Amino acid sequence: MLVERSMHPSWLSNAYLLADEPGGTAVFVDSGAPLDLLIAAVEREQLAPTHLLVTHGHADHVAGNDELVRRFGVEVTTGPVETGGLRIESLATPGHSDDGVSFLVGSELCFTGDTLFRDSVGGGPANEMRRSVMEVLMALPHEVRVLPGHTDETTIGREWEENPFVRFWRGLEREDGRRCRVHGEDATVVVWSPDYDGKGKALVRFVDGDEAIVGASRIEF
């Protein structure tokens with residue numbers, strides 16, 4: 001298989017091109033990054049794109065949808081796809097967004113959108129994110145490459161061992177315990193991690209017991 005990636009310089013969002021072989025069939029995954037690199041790869045490798053797979057509908061992941069449809073006539077989908085030599089499963093991974101899915105390609109690659117990142121997870125209700133990460137993605141073989149919606153790739157095995165959220169949900173780490181405020185509400189930091197934008201991300205628990213995963217810019221100490 002062939003994989004090409006483009007990343008937006010401001011959003012840090014990724015768009016991908018996946019092909020079965022040179023001269024073969026291809027799909028795009030998300031479109032919220034400059035598309036010239038991916039289009040050049042289509043032409044260089046003489047590929048025939050058939051689909052655009054969308055991990056979720058946020059603007060930084062769908063900005064180029066119309067351009068790819070106009071240029072290649074691709075079908076836009078969030079569902080499973082069989083095209084050429086590619087067999088792609090669609091895994092429901094809501095939490096960051098209600099429509100969130102991850103795309104599993106055999107036992108080799110998983111495009112995780114904004115659900116799982118290197119060292120972090122997506123923002124949203126903590127219980128939904130935990131289910132999607134622990135019950136869906138962490139159930140995959142550890143050697144699966146993770147191609148996330150933002151910045152650098154990783155593997156399921158690396159995140160199983162090193163991701164602070166996963167380690168906490170596995171019962172390997174204690175709560176952080178720091179008091180904070182989130183949008184003016186009192187809360188406690190449960191997990192703190194790096195994040196793809198360099199600012200950090202946290203699982204916080206509010207006074208009423210609700211838990212959420214939020215970016216560091218929303219937290220006051």
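Nothing in this text is a laboratory measurement; each read-out follows from the coordinates by a stated rule. These figures come from a predicted structure and were not determined experimentally. Here Cβ is always computed from backbone atoms with ideal geometry, including for glycine, and neighbour counts include all displayed protein chains.
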Residues 35, 2, 47, sorted so that the one with the fewest Cβ neighbours within 10 Å comes first = 2, 35, 47
Kindly provide log₁₀ I(q)/I(0) values, in the same order as q = 0.11, 0.12, 0.17 Å⁻¹, from the Debye equation applied to equal alpha-carbon scatterers of the chain.
-> -0.53, -0.62, -1.12
Would you mind telling me the antiparallel percentage of the DSSP bridges in the chain, rounded to 5?
-> 80
HN-Hα J couplings of the range 77-90 from phi, Karplus 6.51/-1.76/1.60, θ = phi - 60°, integer Hz, Gly and Pro as x?
-> 8, 10, x, x, 9, 10, 8, x, x, 9, 10, 10, 8, 10
Efficiency of FRET between residue 221 and residue 145 - r from beta-carbon atoms, R0 41 angstrom, step 0.05 = 0.70
Take the alpha-carbon positions of the range 115-189, form their convex hull, and give its projected area averaged over all directions (one quarter of the hull surface) in nm².
-> 5.4
FRET efficiency, residue 162 to residue 89 (Cβ-Cβ, R0 22 Å, nearest 0.05) | 0.30
Over the range 3-130, one equal point on each Cα, no solvent: what is log10 I(q)/I(0) by the Debye formula at q = 0.14, 0.17, 0.18, 0.22 Å⁻¹?
-> -0.57, -0.84, -0.94, -1.37
Pseudo-spin-label distance residue 205 to residue 186, built 7 Å along Cα→Cβ, given in nm, is 1.5
